[in-house]
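Peer 1: Sharing a structure, written as structure tokens. Questions coming.
No value in this document is a laboratory result; all are computed from the given coordinates. Since this is a predicted model, take the numbers as computed values, not measurements. Quick reminder, even Gly has a Cβ in these numbers, built from the backbone with ideal geometry, and neighbours come from all protein chains shown.
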Amino acid sequence: MRPEFPKHLLRSFVLALGAATMVFVPAGHAQEPSPSRSARIGTFDSRAIATAFYRSAVFIEENVRGFMTELEEAKASGDEWRVWELEAYKLPIGHRMHQQAFSTGSVMEIMEQISDALPEIAREAGVSVIVSQWEVTYESSEADLVDLTPQLVALFDPSEQTLNIVESMKKVDPVPMDQLPAPDIDEGRKLSIAEAIRGVIAERGIEAGIEHYRELRTAAIERYLELREAATKEYNFAESQLNELGYSYMAEGDTETGIEIFKLNVEIYPDAFNTYDSLGEGYMEAGQTELAIQNYERSLELNPDNDNARQMLERMGVDVANEGERLP
């Protein structure tokens, strides 16, 4: 995935609309508004905006597929430096996306893409300013905050699945920024196992792709046992590789292949809660409710703090509080 991101993060921003100008509210410098006028401010959950954007057809077509095309062309031409550069590029971008979709990272560059629609949304809502709800460091009793998240999310033409994810976010607090895993630069120097098997899947199908994965992983382990060097020295076999590959197929509408990739990830990482969570989502997307429930329940068993699994189970009629009983 290759969106154009600014090199530096912008902290504490407000998008001012109409005749208003851009206003920055630094932490620790909140000011009492003038007693003569009340403030009506539009807010949004930046996680929802990021999720709607990254799952949008426009992003997938212009960024995900564009990136994949460029990577395949670099491989076909034997441009090893460009291949390495593109592979390494995904690390900081992926981290950036996690900051935005799971924490409180700024989504300024995403908001700029819908800036033309903001004045009308602001006018209809009767607000003069729109700001991320996580950037409101102070509000007086006179401030009137208006949640514009639904209107802003709608601009990305979200699918029903995306809307369900956005709705579930309301029950979950953002992950603190310092708790997000930092990108492993060393992993970025290895070849992507996801890209390696994607090529085989494209040429010979999902079964051949999975078999190729097994062959490469077995060979890597054998080299480790023989040489006592780092296992997977050539390829990056991290759990996230198959997880991201599965979601890339899901985003392209190939749910069946995505499920097969998620199943392989569960096989390789049977004690990782997130592999079952992703497989559960795949089955839920495919309408296979029973299998979705089984995998979400296993994910929750491995990680009782997995609020996403709990919310998905409740959405499918499982009373998690009463040991998995079905709701009427």
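Peer 1: Give the calculated FRET efficiency between GLN113 and SER240 to the nearest 0.05, with a Förster radius of 25 Å applied to their Cβ-Cβ distance.
Peer 2: 0.40
Peer 1: I would also like to ask the following. Note down the nm distance, to one decimal, between modelled labels 7 Å out along Cα→Cβ at ASP271 and at GLU142.
Peer 2: Between ASP271 and GLU142, the simple spin-label model gives 5.9 nm.
Peer 1: Under a crude label model (7 Å from the Cα following the beta-carbon direction), how far is GLU290 from ALA154 in nanometres?
Peer 2: In this crude label model, GLU290 to ALA154 measures out at 3.9 nm.
Peer 1: How far apart, in nm, are the 7 Å Cα→Cβ label points at LEU180 and GLN161?
Peer 2: 2.2 nm
Peer 1: What ranking do ILE49, ILE293 get, fewest neighbouring Cβ atoms within 10 angstrom at the top? Display every interim value, and only then the final one.
Peer 2: On the way: ILE49 23, ILE293 20.
Neighbour counts put them in this order, fewest first: ILE293, ILE49.
Peer 1: Provide the per-residue ³J(HN,Hα) series for the stretch 107-124, in order, calculated from phi with Karplus coefficients 6.51, -1.76, 1.60 and θ = phi - 60°, each as a whole number of Hz, with x at glycine and proline positions.
Peer 2: 10, 3, 5, 6, 4, 5, 6, 10, 4, 5, 8, 5, x, 5, 4, 5, 5, 5
Peer 1: Given 0.36 nm per residue, what is the gain on full extension from LYS170 to GLU120 after removing their alpha carbon distance, in nm?
Peer 2: 15.5 nm
Peer 1: ILE41's amide H: which non-local residues (gap 5+, or another chain) put their own amide H closer than 5 Å, with H modeled 1.01 Å from N in plane and none for Pro or chain starts?
Peer 2: When sequence neighbours closer than 5 places are left aside, the close amide H contacts are ASP144, LEU145, VAL146.
Peer 1: As an exercise, use a Förster radius of 45 Å and the Cβ-Cβ distance of ASP305 and ASP79 to find the FRET efficiency, rounded to the nearest 0.05.
Peer 2: Efficiency, rounded to the nearest 0.05: 0.55.
Peer 1: Still on this structure, please answer the following. Along the stretch 141-152, what does the Karplus equation 6.51 cos²θ - 1.76 cosθ + 1.60 (θ = phi - 60°) give for ³J(HN,Hα), rounded to whole Hz, x for Gly and Pro?
Peer 2: For the stretch 141-152, the Karplus-derived couplings read 5, 8, 6, 10, 8, 10, 6, 10, 3, x, 5, 6 Hz, x marking Gly and Pro.
Peer 1: Same structure, new question: What list of ³J(HN,Hα) values in whole Hz, one per residue of the stretch 58-66 in order, does the Karplus curve 6.51 cos²θ - 1.76 cosθ + 1.60 (θ = phi - 60°) give from phi, with Gly and Pro shown as x?
Peer 2: Along the stretch 58-66, the couplings run 5, 5, 4, 6, 7, 10, 4, 5, x Hz.
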